[in-house]
Amino acid sequence: MSSANERSTTTAPPRAGATGASAVDTAETSSRSPRPAPRRLLGHLPLAAVLLLQAVMGLRLGNSAFQDEALYLYYGHLALDSWLHGAETYGNPAAWFTGAPQLYPVLAAVLDGVGGLELARLFSTLCMLSATIAVYRTANTLFARPGEVRVGVFAALVFAVSGPVLVLTRFATFDAPSYAAVAWALAIGVRVARGERERDRWWAALVGGLLALAVLLKYASAIDAPFVLLAIAASTLDDPARRWRGLRTSLVAGSTALAVLALSALTWARPLLEGVVDSTILRQSLAPETTAQLLGRVVGDAGPVIALGLLGGLLLLRRRPALGAVLLVASVAAPLYQVHTGESVSLHKTVVLGLVFAAPLAGHLCVVLVERWWGTPLVAVALLGSLLHGASVSERIFTSWPDTTPLARALTPIVEAAPGVRIAGENPEPLQYALREQTLPLQWVATYPGAFEYQGLSDLPAFERALADRYLGVVFLDGASEIGRQLEPRMAGLGYTRTAVVRTPDGGHEWGIWQPSGDPAG
């Protein structure tokens with residue numbers, strides 16, 4: 001076998017099927033002569049096609065604001081009003097947000113103010129398209145022959161059409177920008193480690209800055225940071241000439257990330273520390289499930305991509321064991337940690353933290369297979385299956401919450417006719433966001449456990465007393481919470497009349513609107 005230095009200067013094409021050994025593993029170590037502009041443009045067409053496919057498959061998804069989207073947008077507007085107009089703040093989102101409330105929610109509120117929910121979602125679309133480009137760059141840097149892009153195209157395609165990625169492509173939460181920052185930290189880091197750039201320390205510092213940004217945007221992204229740094233270091237262990245460059249890049253990036261996070265914790269982010277602990281580290285499961293159920297969710301949401309990535313990682317272990325081991329573990333670390341906690345909420349989003357590492361491995365596997373006559377049909381079937389699976393999963397997830405648009409329309413005349421009326425309901429955040437111009441934060445009451453207290457009581461007893469006192473002017477119930485299910489059969493006895501039944505456009509979900517008897521205006 002040729003040494004690393006010999007491989008970096010050879011111009012002879014590698015033998016067919018050598019992708020898993022020396023050929024694919026020489027990425028960024030061979031000198032590349034500049035390609036003519038038309039050829040470079042043609043080389044980008046496959047990636048452009050992947051991005052177009054991702055955009056089309058993502059933009060086809062439609063629904064009203066999800067609870068998390070509404071929550072971040074609503075509190076972003078409150079923060080903007082406080083900063084710009086000195087308006088009174090409500091609550092303490094820093095104590096329970098799972099990301100810095102000063103960052104994404106404020107940016108999303110600005111976008112929402114300009115172009116509504118669609119513009120906020122478009123920002124997520126751009127972030128996830130950017131993440132796909134980063135995956136493409138990572139795969140090519142780690143595994144491609146000089147001048148080839150097949151590994152990157154396969155990796156980008158597998159990543160782009162996965163169900164969880166498509167959902168985040170259309171989801172206005174901090175997940176998309178946070179995960180894009182992780183993906184670019186990995187892409188730039190391995191590029192710097194395996195390249196020959198001058199002033200590489202500045203690029204390494206940028207990697208650290210991106211990791212810190214990812215963590216501040218979403219605290220749970222911190223689980224990926226060590227794997228990004230390990231992957232950067234491991235990416236050059238097969239090349240003695242660049243081995244220390246990879247380690248140095250990783251150390252500089254890690255030191256920069258720690259410095260940014262420490263400086264933030266000592267200054268503007270100090271109030272967030274309690275929230276980091278309560279909302280992420282010591283978080284109690286909101287919707288606990290068994291390990292078997294959660295593993296089934298992971299496989300059901302992203303099984304094809306994970307399987308391709310794991311097979312690619314096992315293949316890579318033969319020739320580059322350190323890099324293969326890091327990428328393999330990183331592919332499953334985030335989802336398995338959440339499975340360990342027993343939490344089912346947002347598991348499909350956590351899976352994407354692993355796909356950033358699994359997709360390049362899947363691309364590596366695909367290129368190895370297509371270089372064998374029998375492998376091309378297998379790859380075609382796998383990619384088609386991944387696409388169909390991703391389309392189905394993304395549609396299922398994006399339609400898993402009811403369209404609250406009809407309910408918002410039904411509540412609008414009620415709150416306009418009775419300014420200041422107190423409104424109680426199950427999962428009220430989408431309505432609170434939709435009616436933010438007509439209502440104030442203190443008017444809203446949720447049925448979550450521990451969310452409502454009245455005259456020294458809490459939860460169901462508090463609601464019963466408040467309803468008996470006609471403290472609540474309008475209540476909407478759909479049986480989504482335990483308290484709501486217990487309240488609904490008692491509403492008439494507590495002096496309330498169901499004044500309307502509101503159904504989603506597909507007729508699959510309905511709410512009852514209750515108001516004090518004899519007082520339909522609330």
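Side notes on the structure shown:
- Of the residues making up region 74-106, those that are assigned to a helix (DSSP H, G or I) and either over 18 Å from residue 434 (Cα atoms) or in contact with a His (Cβ under 6 Å, 6 or more places away or on another chain) (or both) are 82, 83, 84, 85, 93, 94, 95, 104.
- None of 307, 322, 292, 330 is crowded, with 23+ Cβ neighbours inside 10 Å and part of a helix (DSSP H, G or I) except 330.
- For region 380-416, filtering for residues that are in contact (Cβ under 8 Å) with a residue 24 or more places away in the chain, of a type in the set (Val, Ile, Thr), closer than 19 Å to residue 54 by Cα and in a helix (DSSP H, G or I) leaves 2.
- Cβ pairs under 7 Å, 6+ apart, first in region 133-145 and basic (Lys, Arg), second buried (at least 24 other Cβ atoms within 10 Å of the Cβ): 137/152; 137/187; 145/24
- Matching entry among 431, 460 (being more than 30 Å from the chain's Cα centre (by Cα), of a type in the set (A, V, I, L, M) and not in a strand (DSSP E or B)): 460
- Of everything in region 434-445 that is assigned to a helix (DSSP H, G or I) and touching a helix residue (DSSP H, G or I) at 6+ places or on another chain (Cβ under 9 Å), the residue that is surrounded by the fewest Cβ atoms within 10 Å (Cβ to Cβ) is 441.
- Residues satisfying the stated conditions in region 345-381, i.e. in contact with a helix residue (DSSP H, G or I) (Cβ under 6 Å, 6 or more places away or on another chain) and small (Gly, Ala, Ser): 354, 358, 359, 362, 363, 375
- Hey, residue 232 crowded, with 22+ Cβ neighbours inside 10 Å and either closer than 30 Å to residue 389 by Cβ or hydrophobic (A, V, I, L, M, F, W, C) (or both) or not: yes
- Residues of region 308-341 that are within 23 Å of residue 375 (Cβ to Cβ) and of a type in the set (A, V, I, L, M): 308, 310, 311, 314, 315, 316, 317, 323, 327, 328.
- Residue check, residue 312 buried (at least 16 other Cβ atoms within 10 Å of the Cβ), out of contact with any strand residue (DSSP E or B) (no Cβ under 6 Å at 6 or more places or on another chain) and in a helix (DSSP H, G or I): yes
- Only one of the numbered conditions (1) of a type in the set (Ser, Thr, Tyr); (2) buried (at least 19 other Cβ atoms within 10 Å of the Cβ); (3) at pLDDT below 95 is not met by residue 256, and that is (3).
- If you check 194, 201 for being over 24 Å from residue 358 (Cβ atoms) and basic (Lys, Arg), only one passes: 201.
The values are calculated or read from the model by the stated rules, or taken from the named source; none is laboratory data. The structure displayed is predicted, hence computed values, not measured ones. All Cβ positions, even for glycine, are placed from backbone atoms using ideal geometry, and neighbour counts span all protein chains on display.
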